[in-house]
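Written below as C-alpha cells is the structure these notes are about.
FYI, it's all coordinate maths here, none of it is from the lab. Just so you know, these numbers come straight off a predicted model, no measurement behind them. As a convention, Cβ positions derive from the backbone with ideal geometry for all residues, glycine included, and neighbour counts pool all protein chains shown.
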Amino acid sequence: MLDIKSEAGRKTLSQEREVKEFIEAQFNAKYLETDKDKAARIDAIMMRGDRIEAIAETKCRDFTIDTLETSFRNEWLVTWDKINVAISMAMGLCVPLIGILYLVPSRIILVKKICDGDGLLTCKIRLEATRTQATVNGGSAIRNNAYIDMSGVKRWSLPKEQSNG
C-alpha cells in the first residue's frame with residue numbers, strides 16, 4: 001500500500017494541496033501534481049502558460065520555523081535519492097529544481113532553488129548517511145540524506161486556518 005492511502009498520508013496530501021493553492025496564487029503558475037496513487041519520483045511540475053518552468057519537490061513538516069532554525073540547524077532533510085533523481089529530471093527538461101518546505105504549525109512556506117536548468121547546484125547541500133523515519137507512517141531506515149541549507153530563504157506566511165465552530 002502506498003503511504004498516501006493511510007490516514008497520515010491523506011493528511012500530508014491535504015497539506016500539499018494547501019501549498020498548491022498558495023503557489024498558484026503567489027507565483028501565477030500551475031502546480032501540476034504527479035499521480036499520488038503512484039510512486040512518482042517528483043511531486044509536481046510548475047508551469048506558466050504552456051511552458052514548464054520548474055520541477056518541484058514538496059515536503060510538509062509538522063514542526064515550527066523555530067525548530068527548523070534551532071534543532072535542525074536550518075537544514076531541511078530530504079532523501080538524497082529523491083533529490084538526485086529530481087535534479088536529473090530538471091536537467092533533462094532544462095528547468096530548475098525548486099524545493100518547497102511547508103512548516104505546518106507555523107503556517108510558513110519556504111521555497112529554495114536547488115539546481116538550475118543545467119543541473120548545477122544553487123545551494124549548499126550536506127550529504128550524510130543517517131537513520132531517519134522511513135515514511136510518513138513511521139519506521140526507520142538508514143540511507144543517504146541531503147541536508148539542504150535553508151538560511152536566508154524567503155518566507156511566506158499562510159493565513160491562519162478558519163475554525164468551523
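With a ≥ b ≥ c taken as the square roots of the eigenvalues of the C-alpha gyration tensor of segment 21-62, please select rounded if a/c is under 1.5 and otherwise prolate if a/b is larger than b/c or oblate if it is not?
Cα axes put segment 21-62 in the oblate bin.
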Note to self, the chain gives a 222 nm [θ] from helices alone (DSSP H runs n ≥ 4, -39500 (n - 2.57) apiece, / all residues, nearest 500) of -7500 deg cm²/dmol
Surrounding charge for Met47, neighbours by C-beta under 12 angstrom, Lys/Arg +1, Asp/Glu -1, total -1
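What is segment 2-75 by shape, rounded, prolate or oblate, if you read a ≥ b ≥ c off the alpha carbon gyration tensor as root eigenvalues and call it rounded for a/c under 1.5, prolate for a/b larger than b/c, and oblate otherwise?
oblate
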Note on the chain: contact order normalised by length, alpha-carbon pairs under 8 Å, 6 or more apart, percent, works out to 20
Per DSSP, the loop-located GluC sites (Glu not before Pro) within segment 53-103 having at most 16 other beta carbons within 10 Å are none
Note on the chain: the mean projected area of its alpha-carbon convex hull, in nm², is 10.3
The set of residues whose placed amide H lies less than 5 Å from the amide H of Cys60, leaving out same-chain residues fewer than 5 positions away, is Tyr102
